[in-house]
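Below: one structure, written as structure tokens.
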Amino acid sequence: MKKVVCAKDVETLIKQGKSTLYVDANTILTPSAKDAAKLADVEIVVGAPQQRACEHDSTPASSCDGAISSDLIYSALKAMYERGMLDAFLKDLTRKGFTSEAVGGGKIVRGNSIEMEPFETGTAGAKACSQEVIGKGDGRIQSGFFEIDHSRFEQDFACEANCHLLEGTVNITINGQTVKAETGDVFYIPAGAKVVWDAAGKARLFYSRFPQSKG
């Protein structure tokens, strides 16, 4: 039977003055446990701890409700403050991944400030990242950057989009038809399309997507 570790277990670990959580193949970490460990800077290590002859594993049996208690949050923030990590943590919470300025009711995004974030492809081993720089709060058009790194994966498009390939080459299949796009090419993807991206190298593109109006 697998052992379930949740936020309360992490909280107990912190109260015991420990900063390492040991797990194995039979351990299930709940999302709340992962969040709690990250918040408290608790290291998750796969494998058994090196124990002395008289020591025993004091990790308590799980009693999980999926929530992170206020005591845990306080303990985590206090520990981060004492280690001089709180300022960096708070700064990271407010980080957008890019720098922008309002201009005449519009917006300019500084290209050299953009930090790409991992994109979940749904395909094991496939690597991609993205960063949306014009979002819902800016207008009806959402735009950003998308990168594919030596990968092939499928994607369903809920909205229509225009894409401009900035770097590299990519084979793109739209509803069963494949074309090779090269640097500088622009292509349109209709709403509801089934798309397959296939990049033998690294490809970077800029996209603008248009959510479908309701009603």
From the option list A193, A181, single residue qualifying as out of contact with any Lys or Arg (no Cβ under 7 Å at 6 or more places or on another chain), closer than 22 Å to I114 by Cβ and surrounded by 15 or more Cβ atoms within 10 Å (Cβ to Cβ) is A181
Note: among G137, G125, just one is outside any strand (DSSP E or B) and on the phi > 0 side of the Ramachandran plot, namely G125
Could you check, for segment 194-201, whether at least one of its residues is free of Cβ contacts under 8 Å to residues at least 40 places away in the same chain and in the same structural domain as Q142 (by TED's automatic domain parsing)? no
Consider D156 carefully, then state whether it is farther than 17 Å from R209 by Cβ and among the acidic types (D, E). no
Considering residues of segment 159-183 that are under 20 Å from R209 (Cβ atoms) and part of a loop (DSSP other than H, G, I, E, B) only, the residue modelled with the lowest pLDDT: C159
Just to check your reading of the model, which residue among Y207, Y188 is under 25 Å from the mean Cα position of the chain (by Cα) and among the hydroxyl-bearing types (S, T, Y)? Y207
Go through segment 12-29 and count every residue that is surrounded by 18 or more Cβ atoms within 10 Å (Cβ to Cβ) and among the β-branched types (V, I, T). 1
Report, by residue number, each residue of segment 1-44 that is among the acidic types (D, E), in contact with a Ser or Thr (Cβ under 9 Å, 6 or more places away or on another chain) and part of a loop (DSSP other than H, G, I, E, B). D41
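The values are calculated or read from the model by the stated rules, or taken from the named source; none is laboratory data. In this text the structure is predicted, and so the values were computed from the model without any measurement. Here the Cβ is made from the backbone with ideal geometry for all residues, glycine too, and neighbour counts use every protein chain on show.
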